[in-house]
Amino acid sequence: MTADLLIHNARLVATVDNARRELPGGWVAITNGLISGVGTSTDPVPAATERIDATGCLVTPGLINTHHHLYQNLTRAYPPMTSSPLFGWLQTLYQLWRALDEEGAHVSAWIGLAELALSGCTTSTDHLYLHPRNGGDLLSAEIAAAKDLGIRFHPTRGSMSLSQKDGGLPPDDVVQEDDEILAFSKEAVEKHHDRSFGAMTRIALAPCSPFSVTKDLMIRSAELAELLDVRLHTHFAENAEDDDFSIATFGCRPFEYLKEVGWLSDRTWVAHCVMPNHDEIQALGAAGIGAAHCPSSNLILASGISPVVELRKAGVHVGLGVDGSSSADSASLWLEARQAMLLAKLKNGADAADARMALEVATIGGAGCLGRIGEIGQLQVGMVGDVAIWDLTGIQFAGAIADPIEAWLRCGPTSARDTIVHGKAVVRNKELVSTKVNEMMTTHTRIATKMQQLNQ
């Protein structure tokens, strides 16, 4: 059988498969978008219509981004918020984000997903919780961007229902009523959610946070997710402010509130998860919950260091998230993987984490968050053909001979040489395949300038 694509001559193929095989001189074959073969230099190499020579390269599963706010790249490095903690940061930026419309949602998603693809990302979520009045169908606009680029996309139909008049943080014109939110959520799933194996688009329901929606919406969202068989996502235990707010408002810690509203299930993955205590960690693991670890965002907002090592030991699916582009101010999953490794060492000791742990978090851990283990995040026959190819040659890798996986994450910075999604190149030789980059950058600059009110 002739494969559609053969990636061969790799310095090392890191499969992250169930046996965690690492194959020197290995190859990966893809047919009809799925992996049809994985082998070593001594295994027979199949014929292929297209071949990619990976000499000097590490080949890994495509990286998975489990938490993002794509529209926020329209306000990157905006000075009034660069030294603010979470709540102040949000209150400053909501006043700008209320101008978001379909054009802004489309171009920011396109730019954000393109940036992720350059960092080896093949699957991304997006937590789109901001829906300004008269802004249009923002979710469909960003899904169109993902389809145009060829990125596997898990957007969430996010929501906020508590504005400043209700004791929340956002202005009145970016929130919606509970019934309206649930109706739009159901419509989004019916319109966009693909349940087939290897699906390019899936939808989750995602009230922004316990402090931005009503308790009733949290409960009804969980019920609707169960009815529609989709996943649930929200911000959770992000920092000390989050803890204090929960105790003052609900009379309990965020974990107890999550349990109270029916979210303590394997349908749920949460963002940040910085502040759980020991008993809560064990309970999160027992429930099969996923956690999107956002190291750069947690650092820049001084939120704290998530207990990633403890969460993984407890059975929590820990994935990576770049978070909003105006908190982390970058969207490189390679950088987040490196930060995750370094922070785990800092928190738990030098021997507590390594590059292989970080690679697992960036791949199969993300698959666990999205409920797609056995489908994405591993290089195994029958799974989707999502692959990242990393060039380990050049000055920054001089002397890094003994261990290509450690070299990949300890040396650099680096970006993917090639990013393959469902067997098709999105990035080739460190350049986007799309011919729309200049057009999209021009549009993005125009909208960002207007949103930041720099021309007024």
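No lab work stands behind these numbers, since they all come straight from the coordinates. Source: prediction; values computed, not measured. Positions of Cβ are generated from backbone atoms using ideal geometry, with glycine treated the same way; all protein chains shown enter the neighbour counts.
With a simple spin-label model that places each label point 7 Å from the Cα along the Cα-to-Cβ direction, the separation between His278 and Ile219 comes to 3.4 nm.
Based on DSSP H segments of at least four residues, each scored -39500 (n - 2.57), the chain has a per-residue ellipticity at 222 nm of -10500 deg cm²/dmol. For the chain, which span is the longest to avoid every loop-located (per DSSP) member of trypsin sites (Lys or Arg not before Pro) having at most 12 other Cβ atoms inside 10 Å? In short, 196-456. Cross-linked pairs Lys165/Lys215; Lys191/Lys436; Lys191/Lys259; Lys430/Lys450; Lys165/Lys259: Cα-Cα separations exceed 20 Å for Lys191/Lys436; Lys191/Lys259; Lys430/Lys450; Lys165/Lys259. Compactness ratio for the stretch 1-160: Cα radius of gyration over 2.2 N^0.38 Å (N = residue count) comes to 1.35.
With labels modelled as points extended 7 Å from the Cα through the Cβ direction, what inter-label distance (nm, one decimal) is found for Lys430 paired with Thr201? Rounded to a tenth, the inter-label distance reads 3.4 nm. What the phi angles of the stretch 172-182 give under the Karplus curve with 6.51, -1.76 and 1.60, with θ = phi - 60°, is a coupling list of 4, 7, 10, 10, 9, 6, 4, 4, 5, 4, 5 Hz, glycine and proline written as x.
With R₀ set to 35 Å, the beta-carbon distance separating Thr445 from Ala302 gives a calculated FRET efficiency near 0.70.
Using θ = phi - 60° in the Karplus curve 6.51 cos²θ - 1.76 cosθ + 1.60, the 3J(HN,Hα) couplings for the stretch 383-389 round to 8, 5, x, 9, 9, 10, 10 Hz; x is entered for Gly and Pro. Most simply put, the chain has about 40% antiparallel DSSP beta bridges, counting only bridges with both residues inside it. Under a model in which nothing but the beta-carbon of Lys, Arg (+1) and Asp, Glu (-1) is charged, the chain shows a dipole of about 920 debye around its Cα centre. Between Leu346 and Asn438, the simple spin-label model (points 7 angstrom out along Cα→Cβ) gives 4.1 nm. Globularity index of the stretch 63-369 is 0.90 (Cα radius of gyration / 2.2 N^0.38 Å, N = number of residues).
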